[in-house]
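*Asks:* Just dropping this structure here.
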Amino acid sequence: MIAMIVILVLAALVTFLIVVVAKPNNFRLQRSATIKAAPDAIYAHIADFHRWRDWSPWEQLDPNMTRAYSGANEGVGAVYDWQSHGKAGHGRMTIREAAPGQRLLINLDFIKPFPATNTAEFLLQPQGDATVVTWAMFGPSPFMSKLMGTLMNMDDLVGKDFEQGLRNLKRVSEGA
């Protein structure tokens with residue numbers, strides 16, 4: 001009987017690992033919102049890391065978070081380092097591509113709690129008197145990411161933060 005239980009447990013573990021390994025090697029998650037503001041007005045809030053404190057969902061997680069800005073003031077070459085002993089972790093963002101009023105591409109390097117390198121993208125598409133803003137994050141899915149993604153839905157977890165950030169961005173952009 002014990003041998004049968006051990007075999008079933010091992011079979012379940014092997015099946016689970018096969019499911020994990022079979023997951024895609026890359027991920028992409030995104031959310032969109034319509035904001036009644038011109039693309040340039042919205043872009044000003046995302047291309048300047050100093051202004052992220054007004055709308056980013058992670059800025060309020062740790063009141064003792066340290067921030068450092070370097071490189072350009074905004075756009076390509078702007079760098080934002082943060083360090084938190086709380087939920088915000090530790091990492092760095094660097095703007096690598098900028099098309100004012102249209103698109104922003106950011107290298108996103110997480111150091112803690114888990115090292116990872118991803119890309120964040122903001123697309124701004126005019127639609128009448130509004131702009132559709134799409135915020136995406138994509139990158140590689142190494143084994144540990146696949147494992148975590150099997151145990152919890154990362155799209156739901158991070159997606160909720162993106163949704164909150166877009167609501168905040170809507171508030172500051174429409175009020176500007």
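*Asks:* Using only the Cα atoms of the chain, what semi-axes does the equivalent ellipsoid have when each is the square root of 5 times a gyration tensor eigenvalue? Give whole Å, largest first.
*Replies:* Semi-axes from the Cα gyration tensor: 37, 18, 14 Å.
*Asks:* Can you give the helix-only mean residue ellipticity at 222 nm for the chain, where every DSSP H stretch with n ≥ 4 adds -39500 (n - 2.57) and the sum goes over all residues, rounded to the nearest 500 deg cm²/dmol?
*Replies:* The helix-only estimate for the chain comes to -11000 deg cm²/dmol at 222 nm.
*Asks:* Also, I was wondering about something else. So, for the chain, what is the accessible surface per residue at a probe of 1.4 Å, expressed in square angstrom?
*Replies:* 57 Å²
*Asks:* Let me ask something else. With just the Cα atoms defining each centre, how far is the stretch 65-86 from the stretch 91-152? Give it in Å.
*Replies:* So the two Cα centres are separated by 16 Å.
*Asks:* Go ahead and run the numbers for FRET between LEU13 and LYS36, Cβ-Cβ distance against an R0 of 45 Å, rounding to 0.05.
*Replies:* Between LEU13 and LYS36 the formula returns 0.30.
*Asks:* Please give the contour-minus-distance gain from MET4 to THR66: 0.36 nm per residue of separation, less the Cα-Cα distance, rounded to one decimal in nm.
*Replies:* 16.9 nm
*Asks:* A follow-up question, please. Just in the stretch 70-141: which trypsin sites (Lys or Arg not before Pro) are loop by DSSP and have at most 12 other Cβ atoms within 10 Å?
*Replies:* Loop-located and lightly packed - LYS87.
*Asks:* With contacts defined as alpha carbon pairs under 8 Å and 6 or more residues apart, what's the relative contact order of the chain in percent?
*Replies:* Reported as a whole number, the value is 28 percent.
*Asks:* At a 1.4 Å probe, what is the % contribution of carbon and sulfur to the accessible area of the chain?
*Replies:* Within the chain, the accessible surface is 61 percent carbon and sulfur.
*Asks:* In a GNM of the chain with a 10 Å cut-off on Cα contacts, which of PRO113, PRO63, PRO100 has the highest mean-square fluctuation?
*Replies:* Greatest mean-square fluctuation among the candidates belongs to PRO63.
*Asks:* Please report how many Lys pairs in the chain have alpha carbons closer than 18 angstrom, counting only residues at least 8 apart along the chain or sitting on separate chains.
*Replies:* So the count works out to 6.
The values are calculated or read from the model by the stated rules, or taken from the named source; none is laboratory data. Here the structure is a predicted model, which is why all the values come from computation and not from measurement. Here Cβ is always computed from backbone atoms with ideal geometry, including for glycine, and neighbour counts include all displayed protein chains. Heavy atoms of the whole protein, side chains included, go into the accessibility calculation; ligands, DNA and RNA do not. Shrake-Rupley method; radii C 1.70, N 1.55, O 1.52, S 1.80 Å.
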